[in-house]
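The values are calculated or read from the model by the stated rules, or taken from the named source; none is laboratory data. In this text the structure is predicted, and so the values were computed from the model without any measurement. In this analysis, Cβ positions are derived from the backbone assuming ideal geometry, glycine residues included, and neighbour counts consider all displayed protein chains. Only protein heavy atoms, including side chains, enter the accessible area calculation; ligands, DNA and RNA are left aside. Shrake-Rupley method; radii C 1.70, N 1.55, O 1.52, S 1.80 Å.
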Amino acid sequence: MKFKFSIIAITVLLTILFIKSSIDTGTFDVIKLIGIVAIAILLFWADKKLERPVNKASLKRDLKKEFHHKE
């Protein structure tokens, strides 16, 4: 969730470049489009895996661990 807007921006940029390339060459390359979709899915998946939920209980637990570790 942290990098969601960046991932959306990257996907939009790749899509715009794909459309521009398709217009310039006059051909529609499905493999490039599938690649863009695959990259977007991979980035969203990685973002979700890196997401670490933080709540009040986990913060207290982490702070207690840190203070006990220092002593």
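Details
- Candidates Leu42, Leu14 - the one that is among the hydrophobic types (A, V, I, L, M, F, W, C), surrounded by 11 or more Cβ atoms within 10 Å (Cβ to Cβ), touching a helix residue (DSSP H, G or I) at 6+ places or on another chain (Cβ under 6 Å) and free of Cβ contacts under 8 Å to residues at least 40 places away in the same chain: Leu14
- Odd one out for Thr27, checked against (1) assigned to a helix (DSSP H, G or I); (2) at pLDDT 85 or above: (1)
- Test for Ile7: is it in contact with an Asp or Glu (Cβ under 9 Å, 6 or more places away or on another chain), open to solvent by less than 80 Å² (accessible area, probe 1.4 Å), assigned to a helix (DSSP H, G or I) and not hydroxyl-bearing (Ser, Thr, Tyr): yes
- Residues located in the stretch 45-69, provided they are open to solvent by less than 100 Å² (accessible area, probe 1.4 Å) and among the charged types (D, E, K, R): Asp47, Glu51, Asp62, Glu66
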